Amino acid sequence: MKKPSLSFVIPCLNEEKTLSFVLDKIQKIRKEELKDYLTEIVVSDNSSTDKSVEIAESFGATVVHCKTRGYGAALDFGIKNSSCEYVIFADADDTYDFLESPKLFFEAIKGYDLVIGNRLNGNLKKKAMPFLHRYVGTPILNSIINFLYAKKDNKIKDCNSGFRCFRKDAYLNWNISGTGMEFASEMLVKALINNSRISHVPVTLYPDHAERTPHLKTWRDGMRHLLQILVESPKLFHNVGMSLFIPSIIGILIGWIFGPIQINKFSVFGTHTMLILLFSGVIGISIFGIGLGLSVTKNNLPKLYKLLVNLSEDKLFWFSVLVFLISIAFILSLFFLWADHGFSNIDFTKDTVFFIAIGTFGIEIISTIIYSHLIKRIKD
């Protein structure tokens, strides 16, 4: 049988201080452990202004020039310009040990679509990973990805690892579009969504070379990862939004009809309870609306999202008019109730909260639905 081939893809932006160490290691394993396999080195240069390109070419690497700036853009360009069946990538900063790359490759050819170098269960050198990354950022993002997308037997152990091996054809099916550091998270999410087989092997992580300036920016890139993870999960916003909104509207209705209710020393479902529930309901609709907006570009949607996003224009119009008129009617009823009492200073606080809640909820619901249809038109 024909043996699988392997491309080493290295994203590069002004890495002259460390690139030679990386390429030297790759050349060594190509001549030793991988000598019986067809291999290549692709350096995806991201407009370097130093000697990075010259260094890459001196080691026999194929240099491709990615004009779009960004870690993800450089990787994607390099991967698509590679010619082998499997791809391994890691940074050009020499923090990942390419001498360990054969174990990722040999694991991948067992039948996995993606193999991740697990730093957390590997040999993590002192000062190689900041405290926040090790004990806060990576564990939290791992948990979110696994909760939203992973099956029990396909969990992600180190979502921020930049040392990975995968089948190129599987990668192309994932349709990854991120151009920045969020590329790493998008790859995992898309792999999980496509039911790809994922494995992990322990790897060593070294600290940055003292003379090198890291490209990673903790808070900016951390937020990029989080947003990229969430953007693929409208269902999360649907469930959280409805779990806040439905109990809120029911509680407000109970308070308006029966409240306040005395339970031992506690008085519940009075004005204060209704105001808190009003706040909760508004937050719920807002979260629901985020997911509804995302639904325009996604598949496998909750039934309610699918119904609202696919409303025909005539049904959207009449539904919007009906809910808007009902909402305004509730708001105006406050004015008529006040006028009926001669505009005097009377106490109808519960009615005020209830009518404003219904009016506010109605108008906000219509706003989110119309907004999703506006996004749909932009997309189309």
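Taking label positions 7 Å along the Cα-Cβ direction at both Leu374 and Asn81, the computed distance is 4.0 nm, reported to one decimal.
The sum of -39500 (n - 2.57) across all DSSP H runs of n ≥ 4, divided by the residue count of the chain, sets its helix-only mean residue ellipticity at 222 nm to -17000 deg cm²/dmol.
Determine the share of the stretch 210-323's accessible area contributed by carbon and sulfur atoms, expressed in whole percent, with a 1.4 angstrom probe. Using a 1.4 Å probe with all protein chains present, the stretch 210-323 comes out at 71 percent carbon and sulfur.
Which of the three applies to the stretch 295-380, rounded, prolate or oblate, going by the alpha-carbon gyration tensor with a ≥ b ≥ c and a/c under 1.5 meaning rounded? It is prolate, given that a/c is not under 1.5 and a/b is the larger ratio. If you sort the three axes of the alpha carbon gyration tensor as a ≥ b ≥ c, you get a/c of 1.5 or more for the chain and a/b above b/c, which makes it prolate. For the stretch 1-93, a simple Cβ point-charge model (Lys and Arg +1, Asp and Glu -1, everything else neutral) yields a dipole of about 240 debye relative to the Cα centre. The long axis of helix 71-80 is offset from the longest Cα principal axis of the chain by roughly 60 degrees. Rounded to the nearest 20, the size of the Cβ-charge dipole of the stretch 72-158 about its Cα centre is 480 debye, with Lys and Arg at +1 and Asp and Glu at -1. Note on Ile250: accessible area approximately 90 square angstrom, rounded to 10, probe 1.4 Å, nucleic acids and ligands left out. With protein chains left intact and a 1.4 Å probe, residues in the stretch 262-367 average 61 Å² of accessible area per residue. Per residue, the accessible area of the stretch 131-255 comes to 48 Å² when a 1.4 Å probe rolls over the protein heavy atoms. Over the stretch 13-125, accessible surface divided per residue gives 43 Å², non-protein components excluded, 1.4 Å probe.
Peptides 123-132, 75-84 ranked from most to least packed, by the mean per-residue count of other Cβ atoms within 10 Å: 75-84, 123-132.
Each of the peptides 184-193, 219-228, 304-313 was scored by the mean count of other Cβ atoms within 10 Å over its residues; in descending order, highest first, they stand as 184-193, 219-228, 304-313.
The Kirkwood hydrodynamic radius of the stretch 1-159, based on inverse pair distances between different Cα atoms, is 16.9 Å.
Legend: residues Glu54, Glu232, Glu85, Glu15, sorted from most to least accessible area (1.4 Å probe; ligands, DNA and RNA excluded), read Glu54, Glu85, Glu232, Glu15. A straight chain from Lys303 to Leu226 at 0.36 nm per residue would run longer than the Cα-Cα distance by 25.2 nm. The distance separating the Cα centre of the stretch 220-262 from that of the stretch 147-166 comes to 27 Å.
Separation of the stretch 271-303 and the stretch 41-111, taken as the distance between their Cα centroids, equals 43 angstrom. The dipole here belongs to the chain: it is taken about the Cα centre, uses +1 on the Cβ of Lys and Arg and -1 on the Cβ of Asp and Glu, and is about 820 debye. Once you treat every alpha carbon in the stretch 68-148 as an equal point and sum by Debye, what is log10 I(q)/I(0) at q = 0.11, 0.14, 0.15, 0.24 Å⁻¹? Relative scattering, expressed as log10 I(q)/I(0), comes to -0.40, -0.66, -0.76, -1.33. As a fraction of the 1.4 Å probe accessible area of the stretch 1-67, surface on carbon and sulfur atoms comes out at 49 percent.
Taking 27 Å as the straight-line reach from the Cα of Lys35, the lysines in range (excluding those fewer than 8 positions away in the same chain) are Lys2, Lys3, Lys25, Lys80, Lys103, Lys110, Lys168.
The values are calculated or read from the model by the stated rules, or taken from the named source; none is laboratory data. Predicted model only: the values in this text are computed from it and were never measured. All Cβ positions, even for glycine, are placed from backbone atoms using ideal geometry, and neighbour counts span all protein chains on display. Quick note on the areas: whole protein, heavy atoms, side chains included, nothing else; ligands and nucleic acids left out. Shrake-Rupley method; radii C 1.70, N 1.55, O 1.52, S 1.80 Å.
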